[in-house]
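**Student:** Pasting a structure here, questions to come.
Read the figures in this text as sums done on the coordinates, not as results from a lab. Computed from a prediction, not measured in an experiment: that's the story for all the values here. Cβ: placed from backbone, ideal geometry, glycine included. Neighbour counts: every protein chain shown.
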Amino acid sequence: MPPEQDANEVLTSLRHERKNGWMRRIVLAAIAVLVVFGLVRAYRRIDATAVWDALSRLPWWTPLVLLVLLVARQVLNAAPLAIFLPGVGLYRCTINDLSASTAAAFAPAPSDMVLRVAMFRSWNLSTESALAATTMNAVTFFIARFSAPLLGFALLPFLKVSPGLRLFDLLSLAVAAALIVGVLLVHRSQEWAATLGRLFGKTVRIIRRRTDPEKWAETMRGFQANMATDLSRRFPRAVLVSYAVVLIDLLMLVITLRAMGVTPDQLPAVELAAAYLFAFPLTMFPAQGLGIMDSAMIASLAQTAGDGILEPSLAALLVWRTFTVAGPFALGTIALALWKRTPPPA
């Protein structure tokens, strides 16, 4: 079967997901309502005037520094795609990643994947290889996301206040371990890849009766064929780059808090890093866990530094979220404009 026909089948399958779009929207709306309700209850004792005062003290140079770090963050975010698509180049992969993220934010699924495929085709790339690389790009970030608490546990001896038993973070580490095992098994052989694909298909069929496990098995065989070459070298590099994205986010938050006037004596960087790393798996929720992750972090920081940290912390999170959530959308718009001017790889 020609690659173009396979790609068309992939896109057709993705378009069928739109039928479940309304249900997902209802679920996301319900989550948003619960988050807003939780924020109102959690922040009742916060002085809104103090938050505004903290924002007004933000030095003029802070947004410029954050913008530079944001660009570096987005380039690193696309670096695993470049690692899994050798020869394409970091610039094209960054254009692709930013554009797809923006499409996903403003249009229903699978708009991001349709746009990715259109870009790959315009650059004369194999659609199958590109889709496999895109999948690995997502998997490596998921591993970094769910294993971030491991770095938090490493900081425990340096914390003033023990965070207590963290069952959610232990579960998150288990998810990261399962993903790593899955990648290693797929890399081992096409038979293992087919077995995992069949298992995933049977699991999905519990929810979607029309799912064909054998089709999933064949898809995983093709995925293995496209990714097996040199995966043992590329995979660790991609995971390390994904960790760098997590740490740049943390650096942006530290800079913003310090710019708000929160000194190391009030809140040591190690305490902030632990709160951030333990809460980072919550970015799996919509809009990178907006509201949910922030509430968890503020509660942790207040436990460490007292209620006096609430207002500047909330102000810092507002600025940080503006750059890390809204910033990529602005860069994605620019990336879309640059797409047509980007020639195919030589």
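**Student:** Inverting the mean 1/r over all pairs of different Cα atoms, compute the Kirkwood radius of the stretch 221-266 and quote it in Å.
**Tutor:** By the Kirkwood definition, the hydrodynamic radius is 13.5 Å.
**Student:** Applying a 10 Å radius around every beta-carbon, put 148-156, 297-305 in order of their mean neighbour count, most first. Numbers along the way, then the final one.
**Tutor:** Numbers: 148-156: 17.3, 297-305: 19.8.
The densest-packed peptide leads the list: 297-305, 148-156.
**Student:** Between the stretch 283-320 and the stretch 248-276, what is the C-alpha centre distance in whole Å?
**Tutor:** The stretch 283-320 and the stretch 248-276 have Cα centres separated by 11 Å.
**Student:** Just need log10 I(q)/I(0) for the stretch 204-346 at q = 0.20 Å⁻¹, Debye formula, equal scatterers on the alpha-carbon atoms, no solvent, rounded to two decimals.
**Tutor:** So the normalised log intensities are -1.16.
**Student:** Another question about this same structure. Please give the peptides 93-106, 123-136 ranked by average Cβ packing (other Cβ atoms within 10 Å per residue), highest first, as a rough proxy for protection.
**Tutor:** Working: 93-106: 21.6, 123-136: 19.7.
Averaged packing, sorted descending, gives the order 93-106, 123-136.
**Student:** Quick one: putting +1 on the C-beta of Lys and Arg, -1 on the C-beta of Asp and Glu, what dipole do you get for the stretch 111-203 around its Cα centre, in Debye to the nearest 20?
**Tutor:** Value, rounded to 20: 120 debye.
**Student:** Additional query: Please give the length that would be gained between Phe285 and Val175 if that part of the chain were fully extended, namely 0.36 nm times their separation in residues minus their C-alpha to C-alpha distance (nm, one decimal). Please list the in-between numbers first.
**Tutor:** Working: separation 110, 0.36 × 110 = 39.60 nm, distance 1.51 nm.
Full extension of this stretch gives 38.1 nm more.
**Student:** Would you work out which of Phe120, Val161, Thr140 lies farthest towards the positive end of the dipole of the stretch 109-181, given +1 charges on the beta-carbon of Lys and Arg and -1 on that of Asp and Glu, about the Cα centre?
**Tutor:** Positive-end residue among those listed: Val161.
**Student:** Using the per-residue mean of other Cβ atoms lying within 10 Å as a proxy for protection, in what order, highest first, do the peptides 272-284, 243-255 fall? Present the calculation step by step, with values, prior to reporting the outcome.
**Tutor:** Details: 272-284: 22.6, 243-255: 19.2.
Result, highest mean Cβ count within 10 Å first: 272-284, 243-255.
**Student:** Over the stretch 237-340, what relative contact order in percent results from Cα pairs under 8 Å that are six or more residues apart?
**Tutor:** 30
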